[in-house]
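Inspection log for the structure reproduced underneath, given as C-alpha cells.
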Amino acid sequence: MADELVREGEGGRPCKSCENPDRVLWSNGRWKLTPIRPSANPVGLFLETVEHIDFEDFDDDMAAEYGVITRHLEAAIRAVASVGRVHIHRFADGAAHFHVWFQGRPARQLELYGWGNNLWTQVLTPLDADVVGANHDQVIAAFVQSFDD
Ligand SMILES: [Zn+2]
C-alpha cells in the first residue's frame, strides 16, 4: 500500500466523516447514512461503516448486514417519484470508512444514464438542497419502516 494515496482518516489525515457527526441521517451503531452534496441526482447517499474498516475486514455477519441494508436502501430510494433507477458504487479511494455511493438517478434524464452519472452529477447545476433534503427524509423514513414490514 506504500504507493497508494493516503485516504481521509489514515496516516494522521483528518476524516471529514468522523468530524461531522451532524451530517448523519441514520445510524445503527455499525453503519451510517450521510448525504452526498451537492448533486444533480434527486437522491445521493453514502452508506458508510461507523468504524474505519475496509470490505476485506468484514466478518460474515457484517457482510450479511451490508447486503440486507443495501436491499432495503435501494428499494427506499427507488420509491422516490423523481428517481428512475438506483446506481450503487464502491471506489474505496477517498476515506478509511468502507463507503458505498447510492445515487438515485433522475427518471428520464438521458444525460445522467449509466456510468457517466457519477461524473455529470458533480458538473451539472445541483438540484435545490431543499428538494434533495425532502427526498432524503422520505428515503430514511421508508428505509427505517421497511425493517418493520
Ligand atoms: Zn472517520
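The values are calculated or read from the model by the stated rules, or taken from the named source; none is laboratory data. What you are looking at is a predicted structure, and each value in this text was computed from that prediction instead of being measured. Cβ coordinates were reconstructed from backbone atoms using ideal geometry, including for glycine residues, and neighbour counts include every protein chain displayed.
Some observations on this one:
- Residue check, residue 4 among the acidic types (Asp, Glu) and either within 16 Å of the ligand (Cβ to nearest atom) or part of a helix (DSSP H, G or I) (or both): no
- Strands (runs of 3 or more DSSP E) contained entirely in the stretch 7-109, each with at least 3 residues that are away from the ligand (no atom under 16 Å from the Cβ) and either crowded, with 19+ Cβ neighbours inside 10 Å or modelled with pLDDT of 95 or more (or both): 43-49, 83-89, 99-106
Rundown of residues vs (1) free of Cβ contacts under 8 Å to residues at least 40 places away in the same chain; (2) over 26 Å from residue 106 (Cβ atoms); (3) touching a strand residue (DSSP E or B) at 6+ places or on another chain (Cβ under 7 Å); (4) not basic (Lys, Arg), yes/no style:
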| position | (1), (2), (3), (4) |
| --- | --- |
| 27 | yes, yes, no, yes |
| 41 | no, no, yes, yes |
| 47 | no, no, yes, yes |
| 54 | no, yes, no, yes |
| 58 | no, yes, no, yes |
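- Matching residues, the stretch 72-105, being in contact with a Phe, Trp or Tyr (Cβ under 9 Å, 6 or more places away or on another chain) and β-branched (Val, Ile, Thr): 77, 86, 88, 100
Here is a yes/no grid of residues against (1) of a type in the set (Val, Ile, Thr); (2) over 19 Å from residue 51 (Cβ atoms):
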{"site": "88", "(1), (2)": "yes, yes"}
{"site": "94", "(1), (2)": "no, no"}
{"site": "99", "(1), (2)": "no, no"}
{"site": "104", "(1), (2)": "no, yes"}
{"site": "107", "(1), (2)": "no, yes"}
{"site": "113", "(1), (2)": "no, yes"}
{"site": "120", "(1), (2)": "no, yes"}
{"site": "124", "(1), (2)": "no, yes"}
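- For the stretch 100-123, a residue qualifies if it is touching a residue at least 60 places away in the same chain (Cβ under 8 Å), of a type outside the set (Lys, Arg) and in contact with a helix residue (DSSP H, G or I) (Cβ under 8 Å, 6 or more places away or on another chain), and the qualifying residues are 101, 103, 104, 106, 112, 120, 121.
- Members of the stretch 5-61 that are within 24 Å of residue 116 (Cβ to Cβ) and small (Gly, Ala, Ser): 39, 40, 44
- Verdict on residue 142 being free of Cβ contacts under 8 Å to residues at least 40 places away in the same chain and either farther than 28 Å from residue 13 by Cβ or assigned to a helix (DSSP H, G or I) (or both): no
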